[in-house]
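Report on the following structure.
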Amino acid sequence: MRARHQRTPWRRNEWTDGSWALLDRSDALILVTSQGRRILYANQKATSTFARSGQGSLVGTPLRALHGSEDSFADFETFSRLLPQQQKVRTEWALRLPDGTLHWFDIQGAFLRPGHPGSGIVWTLFDTDDHHRLDTALMQAEHRLALIVEKFPAGALITEAGEQTIVTANEAMYRVLHIPPSTRLVGAGVTALSPYLPAHILHQIYAPLPRFPIAFAQPIAPYRGVYEWLDGRFIDVEGIPLHDGPDLHGGFWIFRDVSAQWQRERRLEKLATTDALTGILNRHAFLEILDRELDMSTAPGPWACTLMILDVDFFKTVNDSYGHPTGDVVLQHLANTVKRFLAPDDVFGRLGGEEFAILLRRRRADGAYELAEQIRQAIAGESVAIAPRPAIHYTVSIGLYEAPPEGATATQFLARADAALYASKHAGRNRTTLWTPALMEASGPPAP
């Protein structure tokens, strides 16, 4: 090896034999080329990497032989011409291995003796093939992810925790949130969404994002809710935390305009809970609310609740004399009259036939009795026009029951209010009766 170095004057004069020995042991691939791009020296690492089978040395091999194509070598030549101006150059390039495959290297070039005409060029190559392939795979994965997000049928938003920024937002999100197409969100802070999101939704997106990836004792749970926008639309908002083990790195947010579905469900819910004739709650819906209200009686704190049951007097006579359509008009009139006297949190429902019930929240018996009398007198003082026949006058009987402090079951509640109602009927109708222990719970209704 030493004799070979001595036969090459530029080596002997420029570096010591010890320097060449160090280069031979380097983990980097080192080539020295003439300015005509022929290899004058290759260390052991470079020789073992690029030499073909049976080729003991790369000395004299044109640098072109290491390139995969003429175009690659031509581009590398263009790059190499920067060396006289910059003195050092660096790039990443793919070179051909003996088996024909291309391998990526970080290549750094410098003159062996700067400022000397005809000086050789030292090329130092570091193997970056694995890193390059990982970068390529990552870029491909990011590209596929971008395509998936862009083609996602709902609005999609990815946020990053470290800088609290928006990583990507697809066109569907612009449409769902009515964001002008010219608005640039990618790279902007999450707060850039504030003109387009209600404050509480923006808080849900912004609050979990720390200033850096952070480990949580328990992973943040996914988030989902349907919200009504100011324009009347209903938006389904779903947030999926992006965890790497215990670390939170950001979030994936999905926005769906579910207005049509939500309104359809509301209509179905209304049909299922509303009495078709009067527009108030039906029996099933009313009793569900009654059950929930009675469950609250066991909660700490003050609680009061009174049940009022109304029944139209002699309603069978109305139907028999005027027909069922007229009876329906009477029931509608009753419902509309009662509504005028109710507070927003009172619950009004039709139990069936001509029987109605009102759940008076936070009202005790004395206040409920006063309200019942106002309703009864208003109905008795009005008439229902049935053209061309004479107007109909009708009355109602009312029963009241105030739940005891210890609460009551729904069955007790209804039975005792019914008992008070039947007492009003037996006493001559068109009156209000408050249940007392002296009243026997009626086993069945009296004559209408």
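Local charge sum around N170 (other residues, Cβ-Cβ under 12 Å, Lys/Arg +1, Asp/Glu -1)?
Value of the local net charge: 0.
Seen from all sides and averaged, what is the projected area of the convex hull of the Cα atoms in segment 356-403, in nm²?
Its average projected convex-hull area is 3.8 nm².
Calculate for the chain the 222 nm mean residue ellipticity that helices alone would give, adding -39,500 (n - 2.57) per DSSP H run of length 4 or more and normalising by residue count, nearest 500 deg cm²/dmol.
-11000 deg cm²/dmol
Suppose R0 equals 30 Å. What FRET efficiency, 1/(1 + (r/R0)^6) with r the Cβ-Cβ distance, do E92 and H243 give to the nearest 0.05?
Rounded to the nearest 0.05, the efficiency is 0.35.
Given a cut-off of 19 Å, what percent of all Cα-Cα pairs of segment 143-260 lie beyond it?
Here the long-distance tail beyond 19 Å is 44 percent of all Cα pairs in segment 143-260.
Rank-order 47-59, 64-76, 164-176 by packing density, defined as the average count of other C-beta atoms within 10 Å over each peptide's residues, highest first. Mind dumping the intermediate values first?
Details: 47-59: 13.4, 64-76: 15.4, 164-176: 19.6.
In descending order of packing, they fall as 164-176, 64-76, 47-59.
Fully extended, how many nm does the chain gain between R52 and K316 (0.36 nm per residue separation, minus their Cα-Cα distance)?
Numbers: separation 264, 0.36 × 264 = 95.04 nm, distance 10.96 nm.
Length gained, R52 through K316: 84.1 nm.
Compute the distribution of all C-alpha to C-alpha distances in segment 275-434, in bins of 5 Å from 0, and list the percent of pairs in each, rounded to whole numbers.
Values per bin, smallest distances first: 2, 9, 19, 22, 20, 14, 7, 4, 2, 1, 0, 0.
Which number do you get for Rg(Cα) / (2.2 N^0.38 Å) in segment 238-300?
Dividing the Cα radius of gyration by 2.2 N^0.38 Å gives 1.91.
Any number yet on Rg/Rh for segment 297-370, C-alpha, Kirkwood?
Using only Cα positions, Rg/Rh for segment 297-370 is 1.09.
Across segment 33-136, how large is the tail of the calculated P(r) beyond 25 Å, expressed as a percent of all Cα pairs?
Values: 912 of 5356 pairs.
Pairs farther apart than 25 Å: 17 percent.
Order of T101, T183 from fewest to most other C-beta atoms within 10 Å?
Ascending number of Cβ neighbours within 10 Å: T101, T183.
Work out from phi, with θ = phi - 60° and the Karplus expression 6.51 cos²θ - 1.76 cosθ + 1.60, the ³J(HN,Hα) of each residue of segment 33-44, listed in order in whole Hz, and give x for Gly and Pro.
10, 6, 5, x, 6, 9, 6, 9, 7, 9, 6, 4
Based on the alpha-carbon gyration tensor of the chain, what equivalent-ellipsoid semi-axes (square roots of 5 times the eigenvalues) come out, in whole Å, largest first?
94, 22, 17
May I ask which residue of I179, S397, N43 lies farthest towards the positive end of the charge dipole of the chain, with charges of +1 (Lys, Arg) and -1 (Asp, Glu) on Cβ and the Cα centre as origin?
Value computed over the given set: N43.
Say the cut-off is 25 Å between C-alpha atoms; which of K45/K88; K270/K425; K270/K339 go over it?
From the list (K45/K88; K270/K425; K270/K339), the Cα-Cα distance tops 25 Å for K270/K425.
List every residue whose amide H lies under 5 Å from the amide H of I280, counting only residues 5 or more places away in sequence or on a different chain, with H placed 1.01 Å from N in the peptide plane.
Residues meeting the amide H criterion: D275.
Dipole size in debye (nearest 20) for segment 275-434 around its Cα centre, Lys and Arg Cβ +1, Asp and Glu Cβ -1?
Roughly 280 debye for segment 275-434.
Taking 0.36 nm per residue of separation and subtracting the Cα-Cα distance, what length does fully extending Q44 through S182 add?
On the way: separation 138, 0.36 × 138 = 49.68 nm, distance 5.76 nm.
Gain in length upon complete extension: 43.9 nm.
No lab work stands behind these numbers, since they all come straight from the coordinates. Quantities reported herein were computed from a predicted structural model and do not represent experimental measurements. Using ideal geometry, Cβ is built from the backbone for each residue, glycine included, and neighbour counts are taken over all protein chains shown.
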